[in-house]
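Visitor: Handing you a structure now.
The values are calculated or read from the model by the stated rules, or taken from the named source; none is laboratory data. Every value quoted in this text rests on a predicted model; they were computed, and no experiment measured them. For neighbour counting, all protein chains shown are included, and Cβ atoms are generated from backbone atoms with ideal geometry for every residue, glycine included. Accessible surface is based on the protein model in full, side chains and every heavy atom, while ligands, DNA and RNA are left aside. Shrake-Rupley method; radii C 1.70, N 1.55, O 1.52, S 1.80 Å.
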Amino acid sequence: MAYSWRRRRMYALAAKIPGPKGLPIIGNVLDVVGDTEETVRKTMSQFKEYHPTYKYWLGPLLLVALTDPRDLEIVLNNYKYTDKSHFYDVFHPLGGEGVFNAAGEKWRRNRKIIAPAFNFNFLVQFVSVFHAMAMRLVGKMQRRADGQSFDSYKLIELCTLDAIAITAMGVDVNAQDDDNSEWIRAIRRCFQITRERLVKPWLLPDATFYLTPDARDQKHCLSVVNKFAHEVISRKKAEYQRDAAERTRLLKDDDEDIGMRRRQTFLELLIERSESEDGCALTDNELRDEVVTLLIAGQDTTATDNCFNLLMLALHQDVQEAVYQELVDIMGEDPSTCPTYNDLNQMKHLERVIKETLRLYPSAPFIGRDLDHELDVTDYRLPAGCTVLLGLYGTHRLPEHWPEPDKFDPDRFLPERSVGRHPYAFVPFSGGPRNCVGQKYAMLQMKTILSTVVRHFQILPGKDCESMEQFRLQVDFSMTVAGGHNIRLVPRDKGVPERARSL
């Protein structure tokens, strides 16, 4: 009784918000337990019935879903609510106190320190790395380019891991040729365990999780990941001290061609900033957290984004042909040509494809924030103590902002058709002060990989992916297609044989 009395304000405000009816005590827990594919279907159904604002209870926890862009702007721009929901605690064992997980002043400090790693002058040097890794991917894809259906995820994931490992740490883990190394197996297992916790609510509390075999598995895998990271950090610090003279010469060099200078990695930049006297010093553990955070934040999300991009191009041959012609116009007939930064900026059609794919299938379909004060949004007052879920998947499909919202139409992002659109109607990288610091990095990597693949292959839809209606969506770490992102490939220099045109 005393517990309910203390929460009476929450109950009173929650009663004014619509939502699916729950069961006594457990609320709507049954809607989110078990098969994530079924959970996605139920969530989509709830969105269609109750949008733009609705609630559901997970036992005593009140969750309020917001999809109105005006409400997303209110929450994401409020500095009181930059700390992420407690649901993100499952990422702490792997990401530590990196910028993805950090809260309060720690987050503000870390964000300030790493921000220079994502400006133009720093990112432009990575285009050649992205292309080299994309060419490795092409080599792997050529073995599958027989018109037969296959799941593209593993190949794309390993390509992404290779690219991030080189740009973040300066280490070529060669995942595309050897995906069975101890470090790769360890980091994959950590991903798998995190996914399991996200879709099984009883594993979210540490008290229950640490009683399971997965917890012991995670401890071992983390020791492997941490040992590798600290070895790299020690080596890069030693190199930094040894190369001080050369670094001084480069700083004085007036050569404007960035490509003439030695490529600097994300870790090396953080070490350099740590050696400065501007309050940016990071301990070895903090360096480890930031590097691993880049790996976990960038690998799975960018990989799934690229897999969905390939599916959209496969299902829309006219769009794929327009993208291919644009690439030939920019870089010529040789498919192995490495794009320049200026080339990537000219890929306007491909950029619209990426944006439209992110609209339909955002890798992170929702963002969570815990409220410790009451908050007024457009139609309701939200109670303190609730968790707000910003439903990007729903926001991106609101018909008042996106006519025919389920249709794939990259030209929605033409400048003339974007006039007047609410800035928070499209937020695949979040928004406000805690938006994704790596969004430019992600776009450069996606453009480089996709443009390289499209120049080498015609992409066709694979088994059970012959229409968007066939996609069986599920969410664990990111939004994916249950059953695989299945495509077929045919080398462009051979044309498309008749037998490959249909399954």
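Visitor: With respect to residue 330, determine if the residue is open to solvent by 30 Å² or more (accessible area, probe 1.4 Å), β-branched (Val, Ile, Thr) and part of a helix (DSSP H, G or I).
Guide: Answer is yes for this residue.
Visitor: Evaluate the following for residue 89: is it at pLDDT below 85 and either among the charged types (D, E, K, R) or out of contact with any strand residue (DSSP E or B) (no Cβ under 8 Å at 6 or more places or on another chain) (or both)?
Guide: no
Visitor: Turning to a different aspect of this structure: Would you confirm whether any residue within the range 392-402 is open to solvent by 20 Å² or more (accessible area, probe 1.4 Å), among the hydroxyl-bearing types (Ser, Thr, Tyr) and not in a loop (DSSP other than H, G, I, E, B)?
Guide: yes
Visitor: Going through 118, 87, 91, 130 one at a time, which residue ends up being aromatic (Phe, Trp, Tyr), open to solvent by less than 10 Å² (accessible area, probe 1.4 Å) and in contact (Cβ under 8 Å) with a residue 40 or more places away in the chain?
Guide: 130
Visitor: From the list 311, 371, exactly one residue is modelled with pLDDT of 95 or more and open to solvent by less than 10 Å² (accessible area, probe 1.4 Å). Which is it?
Guide: Working: 371 fails: modelled with pLDDT of 95 or more.
311 is the lone residue from the list that is modelled with pLDDT of 95 or more and open to solvent by less than 10 Å² (accessible area, probe 1.4 Å).
Visitor: Tell me whether the range 56-73 contains one or more residues that are polar (S, T, N, Q), out of contact with any Pro (no Cβ under 6 Å at 6 or more places or on another chain) and farther than 30 Å from residue 187 by Cα.
Guide: No, the conditions are met nowhere in the range 56-73.
This table checks each residue for (1) of a type outside the set (Asp, Glu); (2) in a helix (DSSP H, G or I).
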position	(1), (2)
25	yes, no
48	yes, yes
89	no, yes
94	yes, yes
99	yes, no
106	yes, yes
111	yes, yes
116	yes, yes
122	yes, yes
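Residues checked against (1) farther than 21 Å from residue 200 by Cα; (2) crowded, with 19+ Cβ neighbours inside 10 Å:
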residue	(1), (2)
26	no, no
30	no, no
52	yes, yes
56	no, yes
59	no, no
62	no, yes
74	yes, yes
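Visitor: Scan (1) farther than 30 Å from residue 7 by Cβ; (2) open to solvent by 40 Å² or more (accessible area, probe 1.4 Å); (3) part of a loop (DSSP other than H, G, I, E, B); (4) not acidic (Asp, Glu) for the single condition residue 385 breaks and write down its number.
Guide: If we test residue 385 against (1) farther than 30 Å from residue 7 by Cβ; (2) open to solvent by 40 Å² or more (accessible area, probe 1.4 Å); (3) part of a loop (DSSP other than H, G, I, E, B); (4) not acidic (Asp, Glu), just (1) comes out false.
Yes or no, residue by residue, for (1) under 27 Å from residue 312 (Cβ atoms); (2) within 18 Å of the chain's Cα centre (by Cα); (3) surrounded by fewer than 18 Cβ atoms within 10 Å (Cβ to Cβ):
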{"site": "144", "(1), (2), (3)": "yes, no, yes"}
{"site": "167", "(1), (2), (3)": "yes, yes, no"}
{"site": "202", "(1), (2), (3)": "no, no, yes"}
{"site": "216", "(1), (2), (3)": "no, no, yes"}
{"site": "221", "(1), (2), (3)": "no, no, no"}
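Visitor: Now for a different question. Only one of (1) in contact (Cβ under 8 Å) with a residue 40 or more places away in the chain; (2) outside any loop (DSSP other than H, G, I, E, B); (3) more than 25 Å from residue 137 (Cα to Cα); (4) open to solvent by 40 Å² or more (accessible area, probe 1.4 Å) is not met by residue 433, so which one is it?
Guide: (4)
Visitor: Here is a further query. Can you name the residue in the range 431-483 that is hydroxyl-bearing (Ser, Thr, Tyr) and closer than 30 Å to residue 73 by Cα and is also modelled with the lowest pLDDT among such residues?
Guide: 478
Visitor: How do the pairs read when you match residues in the range 436-462 that are in contact (Cβ under 8 Å) with a residue 40 or more places away in the chain with residues anywhere that are buried (at least 23 other Cβ atoms within 10 Å of the Cβ) and among the acidic types (Asp, Glu), using Cβ under 9 Å and keeping only pairs 6 or more apart or on different chains?
Guide: 442/305; 446/305
Visitor: Quick one: what pairs do we get from the range 146-163, first residue within 14 Å of residue 308 (Cα to Cα) and among the small types (Gly, Ala, Ser), second at pLDDT 95 or above and surrounded by 18 or more Cβ atoms within 10 Å (Cβ to Cβ), C-beta under 7 Å, 6+ apart or different chains?
Guide: Sorted first by the residue in the range 146-163, then by its partner, the pairs are 152/307; 152/310; 152/485; 152/487.
Visitor: Residues of the range 466-481 being part of a loop (DSSP other than H, G, I, E, B) and within 17 Å of residue 200 (Cα to Cα), which ones?
Guide: Correct list: 476, 477, 478.
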